[in-house]
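Accompanying notes for the structure given below.
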């Protein structure tokens, strides 16, 4: 694979090999080892292992995510202004692979420093992890827009990435608790477990770096360094970017709340903490199968927007099934299976939507800023995930949850039910409403034809000058 970007125009809508798809998606697997751990275990780890009050933690996490959101914008600007022999996004993946692995180890390494000391250590390491995650996730998310301009190929790449990310989530949710127990429980068990995950993540990011190739470069599209003011104005005039960013905010808010409270649900309502592993297997396997065999042909026939809308509706049904009997394992397994199907359909869209808004933005305003588009969307995701953790922490505190208590009050149990079932149902409904206004799937072929014609005219003008 060449380190220098390919510049011939015929490569812009190239069909990627499965090797390149898997290699690029290895980074998604790596980042989700930490992302899902943060979403699924960090609040429980801080409250029930370290003993920090949930309301205090939730406020801290929200503030950190808001602060980190500003770093997303800065990172997007850096990506847009990066010019190396490796491209724009790939070098950042190479440079930050090792810091990412080390920071993920530190996240679950809170020493016994007393309540104030433990909280300070947790805050500092949480800030570090979020900043480094931003530094490597923005380039990773931008990469699909730089390797091909094929809308369908981006969708396939998004599906492969989501499959591997789902496998990472499955791994985290099924092996973490047994690994922690195997390594002695308590603080040391958590540290060793995530030291292993951090090492794996580092290796996988290097796989992404060496297996990818940026083809959509300054030499293949009309692109100069865009001043931030102009890029920012163009960003918010891109109506489909606004819709998809809001969609992702609510999607990650829903997923964040569900994953953050899942361990509380299995611990205090189902009375079996490790049933979380069963739920994960039952939901992730149909999700992977749907993404592997259903999403690509479905997207080709009805488009990403309609496929994701169906997924949201299926998720609402899946959550509603839980209400039949929340403590019955069979009911929860059936519900989880349905949720897996819905989640698999959601994998047809997400960041593939964003990649398409890059072309729409260039077509609409004449300004192309991949890094800013993905970083600003990532800012929205951070806000969504930050509020997800905060809502869970504040909600648990409001309903009277007691950290580390063997049993909880009826009011606290009701709060867990509301957070785990009712809130995600509402957020899925909001996503369906947003997607109703998304029409870019139908417009995209004409947009690409117009951009190709515009680029040919620009190149002809430049040759005359």
Length gained if residue 128 through residue 325 is fully extended, taking 0.36 nm per residue and subtracting the Cα-Cα distance, is 66.8 nm
Computed over the chain: longest principal axis from alpha-carbon atoms vs helix 239-268 long axis, angle to nearest 10 degrees, is 20
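Quick one: which of 151-157, 384-390 comes out on top by average Cβ neighbours within 10 Å, and what's the full order, highest first?
384-390, 151-157
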Expressed as a percent, the portion of alpha-carbon pairs in the range 35-156 spaced more than 17 Å apart is 62
Normalised Cα Rg of the range 353-394, dividing by 2.2 N^0.38 Å with N its residue count, works out at 1.54
From the Cα centre of the range 99-118 to that of the range 380-396, the distance in Å is 21
Helix-only [θ] at 222 nm, the chain, -39500 (n - 2.57) per DSSP H run of 4+, per residue, nearest 500, equals -26500 deg cm²/dmol
Here the equivalent ellipsoid of the range 124-251, derived from its Cα gyration tensor, has semi-axes (largest first, whole Å) of 35, 18, 16
In degrees, nearest 10, the alpha-carbon axis of helix 329-346 is tilted away from the dominant principal axis of the alpha carbons of the chain by 10
For the chain, longest principal axis from Cα atoms; helix 186-211 axis from its Cα atoms; angle between them, nearest 10 degrees, is 10
If 190, 363 are placed from fewest to most neighbouring beta carbons inside 10 Å, the sequence is 363, 190
The distance between the Cα centres of the range 121-156 and the range 37-62, in whole Å, is 24
Most packed first (mean Cβ within 10 Å per residue), the peptides 131-139, 437-445, 306-314 order as 131-139, 306-314, 437-445
Taking every alpha carbon pair in the chain and sorting the distances into 20 angstrom bins from 0 up to the bin holding the longest one, the percent per bin comes out as 25, 57, 16, 1
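FYI, it's all coordinate maths here, none of it is from the lab. Source: prediction; values computed, not measured. Note that each Cβ is placed from the backbone with ideal geometry, even for glycine, and that neighbours are counted across all protein chains shown.
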